[in-house]
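Structure record follows, encoded as structure tokens.
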Amino acid sequence: MTRDKLVQVAATLLDRGGEQAVTLRAVGHAAGLSHNAPYKHFRNRDALLAAVAIEDFEALTVAFTSVRSSPCSPKDKLLAALLSLVTFSREKPARYRLLFSAPSLAEANPELQARSAACLGEIVAMVDACKSVAELPDAPTKSLASLLLATVHGLVAMEANGILQPAKGLPTVEENLALMASLLSR
């Protein structure tokens, strides 16, 4: 129970102040525990951040699984899953960066690697479903999935950096993803 509380508090601190706001001492204090309490559950800050990332990958996997079981077309399912990543990046930018821009964290944590692979496996399965009904080209499934994810991450970064703005005459992330799906399905 205490471990779960520490993970939730760390996620909240991450949302409010970015990665630099998450220290074991700050998490213990914000959880109403001693500053040493987190050390009983996590060997260091990276282990705590990995626990936050694991929970977020689990939540995304559940969301993707739900999308995949919906009655929509395979292409609509894939777009919905990709757009849920965009929503996550907007609502929880620091946690999004933690999931997709912290390779050293994943390298040191096999469970995090497994949760990440399971989550991204849902996207790969949706790409495969699109290919099976000719909604995506007959190209290697993992390559198509990588291309789509790279596009999402690039668009998210452009939006976060203020480059992708309607005021600048550029289409939204959603419009760009719809165009890419349309181009790939030809």
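What follows is calculated from the coordinates using simple rules that are stated; it is not laboratory data. Computed from a prediction, not measured in an experiment: that's the story for all the values here. Here the Cβ positions follow ideal geometry from the backbone for every residue, glycine too, while neighbour counts run over all protein chains shown.
Given contacts defined as C-alpha pairs under 8 Å and at least six residues apart, what's the relative contact order of the stretch 1-42, whole-number percent?
On the way: 34 pairs, mean separation 14.7, N = 42.
Contact order relative to length: 35 percent.
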What does the charge dipole of the stretch 104-186 about its Cα centre add up to, to the nearest 20 debye, if the Cβ of each Lys and Arg holds +1 and the Cβ of each Asp and Glu holds -1? 160
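Taking Cα pairs under 8 Å and at least six residues apart, what relative contact order does the chain come out at, in percent? Before the final figure, lay out the partial values.
Working: 175 pairs, mean separation 36.8, N = 186.
Across the chain, relative contact order equals 20 percent.
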Please get the size of the charge dipole for the chain, origin at its Cα centre, with Cβ charges of +1 on Lys and Arg and -1 on Asp and Glu, quoted in debye to the nearest 20. 400
Choice from Ala50, Ala106, Ala167 with maximal GNM fluctuation in the chain (Cα, 10 Å cutoff): Ala167
Which one, Pro140, Asn161, Leu112, is farthest towards the positive end of the dipole of the stretch 53-184 when Lys and Arg carry +1 and Asp and Glu -1 on their Cβ? Asn161
State which entries of Lys77/Lys168; Lys5/Lys92; Lys77/Lys142; Lys5/Lys40; Lys75/Lys142 exceed 23 angstrom in Cα-Cα distance in the structure shown. Lys77/Lys168
Top mean-square fluctuation among Gln165, Gln113, Gln20, Gaussian network model of the chain, C-alpha springs under 10 Å? Gln20
Three principal axis extents, largest first, for the C-alpha atoms of the stretch 1-45, in Å? 23, 18, 15
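What 222 nm value per residue comes from the helices of the chain, counting each DSSP H run with n ≥ 4 as -39,500 (n - 2.57) and dividing by all residues, nearest 500 deg cm²/dmol?
Numbers: 9 runs with 133 residues, N = 186.
-23500 deg cm²/dmol, from helical runs alone.
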If a helix is a whole DSSP H run, which ones in the chain reach 27 Å or further along their own axis (Cα) and hold a mean Kyte-Doolittle hydropathy of at least 1.0? 141-160
